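> Mind having a look at this structure? Questions to follow.
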Amino acid sequence: MRLLVVTPMHDEEDNVAGLCAMLRAQTFQDFDWYVVDDGSTDETVPRLRAADVEGRARLVSKANDGGLIGGSAYTSWRYGVSAALAERDDYTHVMKLDADVRLAPDYLARIVPQASGDVGIAGGIIVSAGMAEQKFHVPGPVKLFTRAAYHHAETLPAAIGNDVMDEVAVAEAGLRTLVDPAARFELAREIGASEGRVHGRYRNGRVCRWTGYDPLYFLLHVARYALRRPYLVGALAILWGYLRAGAGPYPATLKVAHARMQRAKLRHAVGRPVDFYRRAYQVPDRA
């Protein structure tokens, strides 16, 4: 197995030192690391060079072409993957690793072997306080693909919502997404909050519209976020983002499939609520 890790960065000067230290601490070291500087205007690149004491990072640069709403992080990630594959084409796995992620030392050793066979996407769970996500889904900052799964996912638009629709596209191709609760990671900030929580909630609403959320599931989603900071303001930002979004760039067939998956989760939650909570949110003691 050979892993390609690609990190898109834009103004991440406060995160690069911790990222480098975290990668050095991984027990699994059979990976190449590409960093895409997406038009940073701060000290991201100098600090990366200073922190990467082993010279592990292969740095490539590109101009920022759309900001977070425009999906520049996904464009930059694919740019790095393409650059790496042009030099070496024997990678078995491809991973998107954001700069604010802090993986447990055994994270890669746990996850990489599990992405094989009919498992196309694999990942762990967030254990940062107040950031819990459902364990049915691999969070975008740590998404790891087999090459076959990446082939299916790379046909999607490089826009926000990509880290939702990739799992739908891979499922439609007959491959599974696996979440290992024993593989833990933390985040230096909430997902989507690099430009502030309210902006992040607005983006979240657009994602919900673009990825075809089932209406009832969407309302429950808004209610859940109303219980998180910034509470009602954040919930209203989600609604505003949803109403302003338009149809979005994703194929209607995948949006229908996504809504179908969400309705199946709702039936599970209604029919077996305790089991649903355990599977979706409960973090077991680590083995």
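> Taking the chain as the reference, fit the longest principal axis to its C-alpha atoms, fit the long axis of helix 162-172 to the helix C-alpha atoms, and give the angle between the two in degrees, 0 to 90, nearest 10.
Taking the Cα atoms of the chain, the angle to 162-172 is about 80 degrees.
> Taking the Cα centre of the chain as the origin, how large is its charge dipole in debye, to the nearest 20, when only Lys and Arg (+1) and Asp and Glu (-1) carry charge on their Cβ atoms?
That gives a dipole near 1300 debye.
> Residue farthest toward the positive end of the dipole of the chain, with Cβ of Lys/Arg at +1 and Asp/Glu at -1: which of His258, Ala269, Leu108?
Positive-most Cα among the choices belongs to Ala269.
> Report, to one decimal in Å, the Kirkwood hydrodynamic radius for segment 182-228 based on all distinct Cα pairs.
Averaging 1/r across every pair of different Cα atoms and inverting gives 12.0 Å.
> For Trp77, what charge total do you get from the other residues with a beta carbon under 12 Å from its beta carbon, if Lys and Arg give +1 and Asp and Glu give -1?
Counting the neighbours of Trp77, the net charge comes to -1.
> Give the residue list of GluC sites (Glu not before Pro) in segment 28-111 that are DSSP loop and have at most 12 other beta-carbon atoms within 10 angstrom.
Of the GluC sites (Glu not before Pro), the ones in loops of segment 28-111 whose Cβ has at most 12 other Cβ atoms within 10 Å are Glu54.
> With an 8 Å Cα cut-off and a minimum separation of 6 or more residues, compute the relative contact order for segment 134-283 in percent.
Once normalised by length, the contact order is 27 percent.
> Here is a follow-up. Any idea how far apart Ala132 and Val119 come out in nm if each label point goes 7 Å out from Cα toward Cβ?
So the label points at Ala132 and Val119 sit 2.3 nm apart.
> Separate question: With a 1.4 Å probe and every protein chain kept in, tell me what percent of the accessible surface of segment 1-51 is carbon plus sulfur.
Carbon and sulfur: 48 percent of the exposed surface of segment 1-51.
> How far, in nm, would the chain grow between Leu220 and Ala264 when pulled straight, counting 0.36 nm per residue and subtracting the alpha carbon separation?
14.4 nm
> Counting pairs of Cα atoms in segment 92-243, how many percent are more than 21 Å apart?
46
> So what is the diffusion coefficient of segment 119-195 in µm² per second by Stokes-Einstein at 37 °C and 0.692 mPa s, using a Kirkwood Rh over Cα pairs?
253
> Charges only on Cβ, +1 for Lys and Arg, -1 for Asp and Glu: so what's the dipole of segment 152-213 about the Cα centre, in debye to the nearest 20?
360
> As I understand it, the dipole of the chain uses +1 on the Cβ of Lys and Arg and -1 on the Cβ of Asp and Glu, about the Cα centre. Which of Phe28, Tyr150, Gly200 lies farthest toward its positive end?
It is Gly200.
> Can you tell me the relative contact order of segment 1-104? Whole percent, Cα pairs under 8 Å, sequence separation 6 or more.
Relative CO of segment 1-104 lands at 45 percent.
> Might you report the magnitude of the Cβ-based charge dipole of segment 48-111 about its Cα centre, with Lys and Arg at +1 and Asp and Glu at -1, to the nearest 20 debye?
60
> Over every pair of different alpha-carbon atoms in segment 1-146, take the mean of 1/r and invert it; report that Kirkwood radius in Å.
That comes to 15.6 Å for segment 1-146.
> Over the Cα atoms of the chain, what Rg and Dmax result, in angstrom?
18.2, 54
> Quick one: which of 141-150, 233-242 comes out on top by average Cβ neighbours within 10 Å, and what's the full order, highest first?
Result, highest mean Cβ count within 10 Å first: 141-150, 233-242.
> Would you kindly state how much longer the chain becomes between Arg176 and Glu43 on full extension, computed as 0.36 nm times their sequence separation minus their alpha carbon distance, in nm to one decimal?
Taking Arg176 through Glu43 to full extension adds about 43.9 nm, to one decimal.
> Another question, then. Solvent-accessible area per residue for segment 119-256 at a 1.4 Å probe radius, Å²?
41
> Which residues among segment 203-237 fall inside the zone where the amide N is under 18 Å from a point 7 Å beyond the Cα of Ala252, along Cα→Cβ?
Residues 209-215 fall inside that zone.
> Okay, next question. Hey, any idea what Rg/Rh is for segment 198-287, computing Rh the Kirkwood way over Cα pairs?
Ratio of gyration radius to Kirkwood radius for segment 198-287: 1.03.
> Give me the percent relative contact order of the chain, please, defined on Cα pairs under 8 angstrom at least 6 residues apart.
17
> Related question: May I ask you to derive the FRET efficiency for Leu243 and Glu186 from their Cβ-Cβ distance with R0 = 35 Å, giving the value to the nearest 0.05?
It comes to 0.60.
The values are calculated or read from the model by the stated rules, or taken from the named source; none is laboratory data. Being a predicted model, the structure only gives us computed values, none of them experimental. Ideal geometry is used to build each Cβ from the backbone, glycine not excepted, and the neighbour counts take in all protein chains shown. Remember, those area values only see protein heavy atoms, side chains included, never the ligands or the DNA or RNA. Shrake-Rupley method; radii C 1.70, N 1.55, O 1.52, S 1.80 Å.
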